[in-house]
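A.B. asks: Structure incoming, see below.
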Amino acid sequence: MRKLVKILFISCLALSLSQIAFAAAGDWTFSGTNWLRTRVVSKDLQGPTKTDKTVTDAGFSVDRGYVRYAYQFTDTIKGQWTADFYSDKTSNYVNGAGIKLKESYVDLPFYLPESKLTVGLQKNYVGLIYDYDYRIIEKEFIDKNGIDASADNGIILNGYFPMGYGSYEAGIYNGEGYKKELSPDINTEPAFVADVRVIPVPGITVGGSYKSELQGTVTPIGNTAYNKNHLAVGMLRTAYGPFDMWAEYIGQNVDTYSTTTNTYTNVKKSGYSIMPSYQITPEWTVLARYDSWDPNKDKANDKVATTIIGVNYALTKGVLLQLNYQQDKPEDSTVATTTQYLGQIAWSFARVFAQ
Amino acid sequence: MKKIIKTICLLGLVGLLAGNLTAGQKLTLSGSTTVLPIAQKGAEDFMKANPSVDVSVRGGGSGVGIQAIVDGTVDIGDSSRAAKAKEIATARGKGVTMFANIIAKDGICVIVNKANNINSINLDTLKKIYSGEILKWSDAGGSGGSLVVVSRDSSSGTFEVFNEKVLKGSKVREDALMLASNQAVLTTVASTPGAIGYVGLGYVTDEIKALVVNGITANKETVISGKYPISRPLYMYTNGDPKGLAKQFIDYIMSPEGQKMVEDQGFVAVK
C-alpha cells in the first residue's frame with residue numbers, strides 16, 4: 001500500500017512537470033524577518049532545600065533571523081529559498097551564529113484547479129505549525145514540545161477548495177524534519193501526511209492532520225529513534241471582528257527503541273493548546289495561550305501546563321513590539337516552575353523586484 | 001497640584017470628544033491601478049455631493065486591495081481580477097466575506113497603424129507577435145515590413161489583462177516598446193508604420209485602426225457580454241454586502257451619472 005502511495009506521488013511529480021508552461025517575465029522577492037529579544041528567566045525551585053525564585057537567564061539576544069529569496073519563473077512556477085540564522089542558547093553561540101536551510105522548494109502547476117505540487121524542503125503541513133505567525137514569542141505548541149518539525153523535505157500536493165471553502169494538503173516527507181544535526185535520516189521509510197481545512201461559514205475553520213511513518217530499514221543499524229510514529233491533530237479557529245482564537249488537540253503514538261534492551265516501548269502522548277487574541281486598535285493586540293502537554297499518558301505526574309499572556313504593539317507595518325509573560329508549570333510539584341518575562345522587537349521586510 | 005492634573009485630564013478628554021464629534025465620516029479605498037481612475041474621479045464627485053465625507057483613495061495593485069479587505073484596513077478594495085480561492089479562503093478564515101461588486105468592464109483593443117492593410121487577427125498570432133515568434137507583418141497577414149511591437153509597462157492593469165488573455169505566461173519580446181500610458185501607445189502606433197499596440201476601448205480614435213480579434217469586434221456590447229476575448233470585469237470588493245458609506249459610494253458608481261463617469265474614464269459601463 002505504502003509503495004503504491006509513493007508511486008502515486010512520484011507520478012504526480014511527473015504529471016506536474018508535464019504541465020510546465022512557457023517561461024515568462026519573472027519577478028523576484030527579497031524578504032527577511034529578525035527577532036531581537038530580551039529575557040529574564042527565573043525558576044521557582046521548590047525542592048527540599050531551596051524555596052526562592054532563582055534567576056537562571058537574563059540578557060539580550062537575536063535568537064533567529066530569516067532571509068528569504070523567491071523567484072517567479074512563470075505564473076504557475078515559483079521557487080523559494082530561506083536561510084535560518086540562529087544564535088540561541090542551544091547553539092552555544094558558536095561563531096556568533098549558526099545557519100540552517102529552512103526552505104528550498106519549487107511550486108509546480110498541477111492538473112486540479114487552484115492547486116500546485118510543492119517539491120523540496122518546505123513547511124510541514126501538520127496541525128497549526130504552518131499557520132503560526134509568532135504573534136506570541138514562544139514557538140507553536142507542536143514545535144515547542146518537539147512533537148514534529150516545522151519543515152521537512154518532501155513532495156506535497158496542496159490546493160484550495162472552490163469558493164474559498166477551505167484547503168487541503170497531502171504528500172510524503174522524509175519524516176525527520178530539517179534539523180539534520182539533531183535528527184538525521186534514520187530510516188528509509190517516508191512519512192505520509194494529509195491535512196484538510198474546511199471553512200463552512202466565514203469565521204469558523206475546522207480541520208485535521210494525520211501523519212504516519214514506519215521504521216523500514218535503519219541506517220546505521222541500531223540508530224533507531226522509533227519504530228512507528230503516528231500523529232493526529234484536530235484544529236479549530238473562530239474569528240469574529242477583532243476576536244481570533246486558534247485551538248488544536250494532538251494525539252501521538254510512538255514506538256521508541258531501547259538499544260540496551262533491544263526492545264520497543266509504546267508511548268502515547270497527548271496535549272492541547274488554545275490561543276485567543278483580541279485586537280483593541282490597529283496597533284494594539286492582547287493575547288493569551290494555554291497549553292497542556294502529557295508526554296506519556298501511561299506515566300503519572302508528568303504533564304506540563306504553559307500559560308502565556310502578552311501584548312503586541314505594531315509600531316509600523318513590519319515592526320512589532322511584543323511583551324510576554326510565560327509560566328511553564330510541571331504537574332510534578334518537585335520539579336521547578338519556570339517563569340519568563342520576554343520582550344521582543346520582530347521586524348520584517350519584503351521587496352518585490354519586477355523584471 | 002492634583003487639581004491641575006485633574007483639570008488637564010478633563011480638558012484632554014473634552015478635546016478628544018470634541019475632536020470625535022466634529023470629525024467627518026471617512027471612506028477608504030485601495031487596490032488596482034486600473035480601477036484607480038474610476039475610484040479617484042468617483043471620490044471627487046462623491047465628496048462634492050457629500051462635503052462632510054472624506055474619501056481616501058490609494059493604488060497598490062489588485063492584490064493589495066484584496067488583502068486590505070481581508071485585513072479590514074479599508075472599506076473598499078479595488079481589483080481588476082476576481083479574488084482567488086486562496087484569498088477567499090484566507091478571508092473566510094478571518095470571518096471576512098469577500099463580496100464582489102462589478103462596477104465596470106475593461107476591454108483591450110488591438111490597434112495598428114492606419115496604413116496597415118490587416119483588419120483582423122487571432123489570439124494565437126497575437127501571442128506569437130508579442131513573444132517574438134513572428135517578426136514580419138508578412139507572416140501575420142499584414143503589411144508594413146518589420147513589426148514594431150508596442151506594449152504597456154508590466155506594472156499597468158492593461159498589461160495584466162493582455163498578459164492573462166493573450167500572452168498566457170509568455171514573455172514579451174525584449175525589443176518591445178514598453179510605454180507608460182494608453183495615450184503614449186496610441187500616439188506611437190499612429191505615427192509608426194508597422195507598429196502594433198493595445199489600448200483600453202475608451203481610447204480608440206480614428207487616428208489608428210482597431211483590429212477584429214478572433215472574429216469579434218471590440219465594442220460595448222461584446223465587452224459586456226464577454227464575447228470579445230480581451231475583456232474583463234472590474235471590481236470593488238467589500239466585506240459582505242456593502243453598507244453605510246461604502247454602499248452610498250458604490251450606489252453612486254452604479255448610478256447613471258456614475259456609469260457615465262466610468263465611460264468618460266475609458267471603461268465600459270455595466271448598466
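A.B. asks: Considering only segment A:298-313, state which residues are under 30 Å from B:VAL64 (Cβ atoms) and either within 14 Å of chain B (Cβ to nearest Cβ) or hydroxyl-bearing (Ser, Thr, Tyr) (or both). Walk me through it before giving the result.
C.D. replies: Just the residues of segment A:298-313 that are under 30 Å from B:VAL64 (Cβ atoms), to begin with: A:310-313.
Residue satisfying the conditions is A:TYR313 alone.
A.B. asks: Also: For segment B:219-233, how many residues meet the condition of being outside any helix (DSSP H, G or I) and either of a type in the set (Asp, Glu) or in contact with a Phe, Trp or Tyr (Cβ under 8 Å, 6 or more places away or on another chain) (or both)?
C.D. replies: Of the residues in segment B:219-233, 2 are outside any helix (DSSP H, G or I) and either of a type in the set (Asp, Glu) or in contact with a Phe, Trp or Tyr (Cβ under 8 Å, 6 or more places away or on another chain) (or both).
A.B. asks: Which members of segment B:234-255 meet the condition of being of a type in the set (Phe, Trp, Tyr), surrounded by 19 or more Cβ atoms within 10 Å (Cβ to Cβ) and in a helix (DSSP H, G or I)? Walk me through it before giving the result.
C.D. replies: First, the residues of segment B:234-255 that are of a type in the set (Phe, Trp, Tyr): B:235, B:237, B:249, B:252.
Subsequent filtering for residues that are surrounded by 19 or more Cβ atoms within 10 Å (Cβ to Cβ) retains B:235, B:237, B:249.
Hit for segment B:234-255 is B:PHE249, nothing else.
Residue-by-condition table, conditions (1) farther than 18 Å from B:GLY200 by Cα; (2) within 14 Å of chain A (Cβ to nearest Cβ); (3) basic (Lys, Arg):
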{"residue": "B:ASN117", "(1), (2), (3)": "yes, no, no"}
{"residue": "B:LEU126", "(1), (2), (3)": "no, no, no"}
{"residue": "B:GLY144", "(1), (2), (3)": "yes, no, no"}
{"residue": "B:LEU167", "(1), (2), (3)": "no, yes, no"}
{"residue": "B:LEU179", "(1), (2), (3)": "no, no, no"}
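A.B. asks: Take the residues in segment A:308-323 that are surrounded by 14 or more Cβ atoms within 10 Å (Cβ to Cβ) and of a type in the set (S, T, N, Q), then tell me which one is farthest from A:ILE345 (Cα to Cα).
C.D. replies: The residue in question is A:ASN312.
Here is a yes/no grid of residues against (1) part of a strand (DSSP E or B); (2) buried (at least 22 other Cβ atoms within 10 Å of the Cβ):
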{"site": "A:LYS116", "(1), (2)": "yes, no"}
{"site": "A:GLN122", "(1), (2)": "yes, yes"}
{"site": "A:ASP152", "(1), (2)": "yes, yes"}
{"site": "A:GLY175", "(1), (2)": "no, yes"}
{"site": "A:VAL198", "(1), (2)": "yes, no"}
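A.B. asks: Next up: Please tell me if B:ILE88 is of a type outside the set (S, T, N, Q), within 29 Å of the chain's Cα centre (by Cα) and within 14 Å of chain A (Cβ to nearest Cβ).
C.D. replies: For B:ILE88, the condition - of a type outside the set (S, T, N, Q), within 29 Å of the chain's Cα centre (by Cα) and within 14 Å of chain A (Cβ to nearest Cβ) - is met.
A.B. asks: Scan segment B:222-242 for residues that are of a type in the set (A, V, I, L, M, F, W, C) and either touching a Cys at 6+ places or on another chain (Cβ under 6 Å) or under 16 Å from B:VAL110 (Cα atoms) (or both) and jot them down.
C.D. replies: Here is the first cut: in segment B:222-242, the residues of a type in the set (A, V, I, L, M, F, W, C) are B:223-224, B:230, B:234, B:236.
Correct list: B:VAL223, B:ILE230.
A.B. asks: Picking from A:ILE99, A:ILE10, A:ILE20, which residue would you name as being farther than 20 Å from A:TRP347 by Cβ, under 27 Å from the mean Cα position of the chain (by Cα) and either at pLDDT 85 or above or surrounded by fewer than 17 Cβ atoms within 10 Å (Cβ to Cβ) (or both)?
C.D. replies: Step by step, each of A:ILE99, A:ILE10, A:ILE20 is checked, and only A:ILE10 is farther than 20 Å from A:TRP347 by Cβ, under 27 Å from the mean Cα position of the chain (by Cα) and either at pLDDT 85 or above or surrounded by fewer than 17 Cβ atoms within 10 Å (Cβ to Cβ) (or both).
A.B. asks: Could you grab me the full set of residues in segment B:128-142 that are within 14 Å of chain A (Cβ to nearest Cβ) and in contact with a Ser or Thr (Cβ under 6 Å, 6 or more places away or on another chain)? It would help to see each step written out before you state the result.
C.D. replies: Keep residues of segment B:128-142 that are within 14 Å of chain A (Cβ to nearest Cβ), which gives B:128, B:130-133.
Hit for segment B:128-142 is B:SER131, nothing else.
A.B. asks: Looking at A:TYR132, A:TYR168, A:TYR111, A:TYR105 in this structure, which one is in contact (Cβ under 8 Å) with a residue 40 or more places away in the chain and either aromatic (Phe, Trp, Tyr) or part of a strand (DSSP E or B) (or both)? Working first, answer last.
C.D. replies: On the way: A:TYR132 fails: in contact (Cβ under 8 Å) with a residue 40 or more places away in the chain; A:TYR168 fails: in contact (Cβ under 8 Å) with a residue 40 or more places away in the chain; A:TYR105 fails: in contact (Cβ under 8 Å) with a residue 40 or more places away in the chain.
The match here is A:TYR111.
A.B. asks: Name the residue, out of B:GLY72, B:GLY65, B:GLY61, B:GLY77, that is crowded, with 17+ Cβ neighbours inside 10 Å, closer than 27 Å to A:ASN158 by Cβ, within 11 Å of chain A (Cβ to nearest Cβ) and not basic (Lys, Arg).
C.D. replies: It is B:GLY61.
A.B. asks: Do you know which residues across segment B:195-215 are not in a strand (DSSP E or B) and not hydrophobic (A, V, I, L, M, F, W, C)? Before you say what the answer is, go through the steps one by one.
C.D. replies: Of all residues in segment B:195-215, those not in a strand (DSSP E or B) come to B:201-207, B:211, B:214-215.
B:GLY202, B:TYR203, B:THR205, B:ASP206, B:GLU207, B:ASN214, B:GLY215 - these are the residues of segment B:195-215 that are not in a strand (DSSP E or B) and not hydrophobic (A, V, I, L, M, F, W, C).
A.B. asks: Could you check segment B:203-233 and list, in sequence order, the residues that are buried (at least 21 other Cβ atoms within 10 Å of the Cβ) and of a type in the set (Gly, Ala, Ser)?
C.D. replies: Matches in segment B:203-233: B:ALA218, B:SER231.
A.B. asks: Pull up segment B:100-119, narrow it to residues that are under 26 Å from the mean Cα position of the chain (by Cα) and of a type in the set (Gly, Ala, Ser), then point me to the one that is nearest to B:GLY226 (Cα to Cα).
C.D. replies: The residue in question is B:GLY107.
A.B. asks: What is the residue count in segment A:314-355 for residues that are away from chain B (no Cβ under 14 Å) and under 24 Å from the mean Cα position of the chain (by Cα)?
C.D. replies: Matching residues across segment A:314-355 total 24.
A.B. asks: Restricting the search to segment B:187-214, which residues are of a type in the set (A, V, I, L, M) and over 18 Å from the mean Cα position of the chain (by Cα)?
C.D. replies: B:VAL189, B:ALA190, B:ALA195, B:ILE196, B:ILE208, B:ALA210, B:LEU211, B:VAL212, B:VAL213
The values are calculated or read from the model by the stated rules, or taken from the named source; none is laboratory data. Predicted model only: the values in this text are computed from it and were never measured. Using ideal geometry, Cβ is built from the backbone for each residue, glycine included, and neighbour counts are taken over all protein chains shown.
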